[in-house]
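Participant: Okay, here's the structure, questions in a sec.
The values are calculated or read from the model by the stated rules, or taken from the named source; none is laboratory data. In this text the structure is predicted, and so the values were computed from the model without any measurement. Methodologically, a virtual Cβ is constructed for each residue, glycine included, from the backbone with ideal geometry; neighbour enumeration extends over all protein chains shown.
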Amino acid sequence: MKSDKTVIEVSALINASIEEVWSRWTTPDDILRWNNASDDWHTTKAENDLRTGGHFLSRMEAKDGSFAFDFAGIYDLVLEHKYIEYTIADGRKVTVTFETEGRTTKITELFEAEDFHTAEQQFEGWQAILDNFKSYVLSRV
């Protein structure tokens, strides 16, 4: 990803097949179950039109009702079981790469940082969500 903005990388190695990982990453019912950085947040709505040009939306809410936001955007490129590139509604770019060796799958996300939170806070938040995804997948295989 070439960008003038700060680009942050998070990754996880998951002991599951690429098919399983891809399905859990992209299915709205699954997204509702893993898409949070901490136990005091949850995703209450997930929509996913997984195709180049398709739209996605995850409604993320604090469980105490104090804050909520939509994480939404458009897919710029989708290569099944390999790669997802999208633009978030605020214009930032994200790439997600899926690499496999046997029954192990590595997910690497690169995302352009926003200006409100520090790079470290953004890394920690995105990595926490990815770690939660990994735990969710491992609990299902």
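Participant: Answer yes or no as to whether residue 113 is within 24 Å of residue 54 (Cα to Cα), in contact with a strand residue (DSSP E or B) (Cβ under 8 Å, 6 or more places away or on another chain) and modelled with pLDDT under 95.
Facilitator: Against the criterion (within 24 Å of residue 54 (Cα to Cα), in contact with a strand residue (DSSP E or B) (Cβ under 8 Å, 6 or more places away or on another chain) and modelled with pLDDT under 95), residue 113 qualifies.
Participant: Can you list residue pairs whose Cβ atoms sit under 6 Å apart, with the first residue in the range 1-16 being closer than 17 Å to residue 84 by Cβ and the second being of a type in the set (Lys, Arg) and modelled with pLDDT of 95 or more? Count only pairs 6 or more apart in sequence or on different chains.
Facilitator: If the second residue must be of a type in the set (Lys, Arg) and modelled with pLDDT of 95 or more, the pairs left are 12/134; 14/134.
Yes or no, residue by residue, for (1) closer than 22 Å to residue 138 by Cα; (2) surrounded by 12 or more Cβ atoms within 10 Å (Cβ to Cβ); (3) of a type in the set (D, E, K, R); (4) at pLDDT below 95:
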site	(1), (2), (3), (4)
2	no, no, yes, yes
6	no, yes, no, yes
24	yes, yes, yes, no
32	yes, yes, no, no
37	yes, yes, no, yes
65	no, no, no, yes
98	yes, yes, no, no
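Participant: Out of the residues in the range 22-67 meeting the condition of being part of a strand (DSSP E or B) and among the hydroxyl-bearing types (Ser, Thr, Tyr), tell me which one is farthest from residue 131 (Cα to Cα).
Facilitator: Looking at residues that are part of a strand (DSSP E or B) and among the hydroxyl-bearing types (Ser, Thr, Tyr), I get 44.
Participant: Run residue 122 past the list (1) modelled with pLDDT of 95 or more; (2) out of contact with any helix residue (DSSP H, G or I) (no Cβ under 7 Å at 6 or more places or on another chain); (3) not in a strand (DSSP E or B) and report the number of the one that doesn't hold.
Facilitator: (1)
Participant: Right, next: Out of all the residues in the range 39-63, which are surrounded by fewer than 16 Cβ atoms within 10 Å (Cβ to Cβ), among the hydroxyl-bearing types (Ser, Thr, Tyr) and touching a helix residue (DSSP H, G or I) at 6+ places or on another chain (Cβ under 8 Å)?
Facilitator: 44
Participant: Still on this structure, please answer the following. Can you tell me which of 109, 85, 114 is crowded, with 17+ Cβ neighbours inside 10 Å, in contact with an Asp or Glu (Cβ under 8 Å, 6 or more places away or on another chain), of a type outside the set (Gly, Ala, Ser) and farther than 16 Å from residue 13 by Cα?
Facilitator: That would be 85, the only listed residue that is crowded, with 17+ Cβ neighbours inside 10 Å, in contact with an Asp or Glu (Cβ under 8 Å, 6 or more places away or on another chain), of a type outside the set (Gly, Ala, Ser) and farther than 16 Å from residue 13 by Cα.
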